[in-house]
1. Would segment 98-117 turn up any residue that is under 28 Å from A241 (Cα atoms) and among the aliphatic types (A, V, I, L, M)?
2. Based on what the data block shows, is V177 in contact with a Pro (Cβ under 7 Å, 6 or more places away or on another chain), within 21 Å of N88 (Cβ to Cβ), buried (at least 21 other Cβ atoms within 10 Å of the Cβ) and not small (G, A, S)?
3. Is it the case that R212 is open to solvent by 10 Å² or more (accessible area, probe 1.4 Å), among the basic types (K, R), at pLDDT below 95 and outside any loop (DSSP other than H, G, I, E, B)?
4. Return the residues of segment 168-191 that are within 14 Å of the ligand (Cβ to nearest atom) and modelled with pLDDT of 90 or more; say none if nothing qualifies.
5. Considering (1) crowded, with 24+ Cβ neighbours inside 10 Å; (2) farther than 17 Å from I16 by Cα, say which one K151 fails and leave the rest.
6. Among the numbered criteria (1) small (G, A, S); (2) more than 16 Å from L237 (Cβ to Cβ); (3) crowded, with 21+ Cβ neighbours inside 10 Å, which one does A117 miss?
7. Quick test for you: out of L114, L162, pick the one residue that is away from the ligand (no atom under 11 Å from the Cβ), within 13 Å of the chain's Cα centre (by Cα) and part of a helix (DSSP H, G or I).
8. Under 7 Å by Cβ, and 6 or more places apart or on different chains, what pairs join a residue from segment 206-225 that is at positive phi with one that is more than 14 Å from the ligand (Cβ to nearest atom) and open to solvent by 90 Å² or more (accessible area, probe 1.4 Å)?
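The values are calculated or read from the model by the stated rules, or taken from the named source; none is laboratory data. Just so it is clear, the structure is predicted and the values come from calculations on it, not from any experiment. All Cβ positions, glycine included, derive from the backbone under ideal geometry; neighbour counts span all protein chains shown. These accessible areas exclude ligands, DNA and RNA; they are computed on the full protein's heavy atoms, side chains included. Shrake-Rupley method; radii C 1.70, N 1.55, O 1.52, S 1.80 Å.
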Amino acid sequence: MLKGKTAVVTGSTSGIGLGIAEALAAEGADIVINSFTDRAEDHAIAERLAAEHGVTARYVAADMSRQEDCRRLIETAAEIGPVQVLVNNAGVQHVARVEDFPAEKWYAIIAINLSSAFFTIAAAVPAMRQAGWGRIVNIASAHGLTASPYKSAYVSAKHGVLGLTKTVALELAEAGVTCNAICPAYVKTPLVEGQIADQMKAHAMDRETVIREVMLERQPTKEFVKVSDVAAMTLFLCSDAAAQITGVPISIDGGWTAM
Ligand code: NAD
């Protein structure tokens, strides 16, 4: 489906981003994966994707908290081919009461979760316009539509991502380029596995009780979203069938936002 197209997924050395990168490569896209770490194992992921799927794959180290790195990521990816699929996935979290929230954490979360999407989109859009085809998928969160206490920066950033998504969709509506957001609830990633362990300690509860009563309290299905669910939705948004879907948040949240 995506043969000959170049795709960039930010923050894609683990979790949801890696799952999306795998799915795009499996559909034939040449793929650029990214994080800020630049370790041998990061480059090894790109080598594996290239070998497994017969595509061009490259790891580009770029810090999504830095404006110039966001632009450089897109420019470096364009050495493979003009970027036609852009998935803004990089994200970080910090939890604290609003009056205690450290300013540097606020700025980092806004930069990585929101501003990076603005800068990568701005850098990628000219080539998408020229090609007359493009797909932008922003990985927001159920916290783009609802709030939880102690997550002021994350909730603000994810709500901002939805505003950016709608605006970009309108600007590109006649250019053959769609821009949408996916809003997952809790997804079973290494990040969330760590949170389960922390909550078991904090609440002195066993794993099953923590999962059901703490982590999935607001997920009516009482099941985690799977990385593959988010990857499959991303592929659908990249398909021709999704050409008329633009500017929307798509919830994958087991009923969270129905409540
Ligand atoms: P993760 O921690 O497994 O992966 C995050 C990725 O972002 C990693 O590859 C990391 O290296 C990268 N990253 C972090 N800071 C970066 C920076 N400054 N520059 C470049 N890369 C950076 O997290 P995840 O759970 O897969 O989350 C991915 C996205 O999905 C995030 O935007 C997150 O907010 C969103 N999300 C996650 C969940 C969940 O339950 N896991 C739910 C809803 C939304």
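1. Scanning segment 98-117, I find at least one residue that is under 28 Å from A241 (Cα atoms) and among the aliphatic types (A, V, I, L, M), so the answer is yes.
2. On the way: in contact with a Pro (Cβ under 7 Å, 6 or more places away or on another chain): no; within 21 Å of N88 (Cβ to Cβ): yes; buried (at least 21 other Cβ atoms within 10 Å of the Cβ): yes; not small (G, A, S): yes.
Answer is no for this residue.
3. On the way: open to solvent by 10 Å² or more (accessible area, probe 1.4 Å): yes; among the basic types (K, R): yes; at pLDDT below 95: yes; outside any loop (DSSP other than H, G, I, E, B): yes.
Judged against the criteria, R212 is a match.
4. Looking only at segment 168-191, we keep the residues that are within 14 Å of the ligand (Cβ to nearest atom), and these are 181-191.
Of everything in segment 168-191, those that are within 14 Å of the ligand (Cβ to nearest atom) and modelled with pLDDT of 90 or more turn out to be A181, I182, C183, P184, A185, Y186, V187, K188, T189.
5. The single condition K151 does not satisfy is (1).
6. Result: A117 passes all but (2).
7. Matching residue, one of L114, L162: L162.
8. Correct list of pairs: K222/R212.
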